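Presented below is the structure to which this report refers.
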């Protein structure tokens, strides 16, 4: 199945989406970031700009160019997602396995901000926009993604304690 070779990319995404969640759980902004893995190991870079959109554009350019020739990368930015006609704060991840063949996936993790009247909450992630993954097994992708989340012990505890599956 195509998704099996995508497991390392999904786990990398889980870890760094969880890292972003750890930041927003305290009310801190998420600076656009790219995490990557390749022959030299794992790396991580933040893209600080004049504003979040400038940083996000720089991170997106890094993902397109793959300047270090890595095997896989994930970009995580803070933004918004419209779900069932309602706008939600969300961490948005773009995951790429550079291949060949090149494969990619988008992950949206809606959350509720700490300063909301109801308090901080994390909702269920959404997987979509799969490219190059012919037989996408969402259950397997979810397992690998959550294995990455679980590897970030501080964030996985926050995730578990604040999970709200109503969204």
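Quick note: the coordinates plus some simple rules give every number you see, no bench work behind them. Note that the structure is predicted; figures quoted are calculated from it, not measured. A quick note on method: Cβ atoms are made from the backbone with ideal geometry, for glycine too, and the neighbour counts reach across all protein chains shown.
Observations
- Linear extension gain, residue 80 paired with residue 131, 0.36 nm per residue minus alpha-carbon span: 16.2 nm
- Annotation: peptides 15-27, 34-46, ranked by per-residue average of other Cβ atoms within 10 Å with the highest first, follow the order 15-27, 34-46.
- Cα gyration tensor, region 49-140 - rounded (a/c under 1.5), prolate or oblate: oblate
- Under 13 Å from a label point set 7 Å out along the Cα-to-Cβ vector of residue 102, the amide N atoms of region 29-67 belong to 61-67.
- Net length available on complete extension from residue 89 to residue 113 is 7.9 nm, with 0.36 nm assigned per residue and the Cα-Cα distance removed.
- Taking a ≥ b ≥ c as the square roots of the eigenvalues of the alpha carbon gyration tensor, region 12-62 is oblate, as a/c is not under 1.5 and a/b does not beat b/c.
- Region 3-67 and region 85-130: distance between their alpha carbon centers, rounded to Å: 12 Å
- Pairwise Cα distances in region 2-161 exceed 28 Å for 16 percent of all pairs.
- Spin-label model distance (nm) - residue 28 vs residue 8, 7 Å beyond Cα toward Cβ: 2.9 nm
- A Förster radius of 22 Å, combined with the Cβ-Cβ distance separating residue 44 from residue 160, puts the computed FRET efficiency at roughly 0.40.
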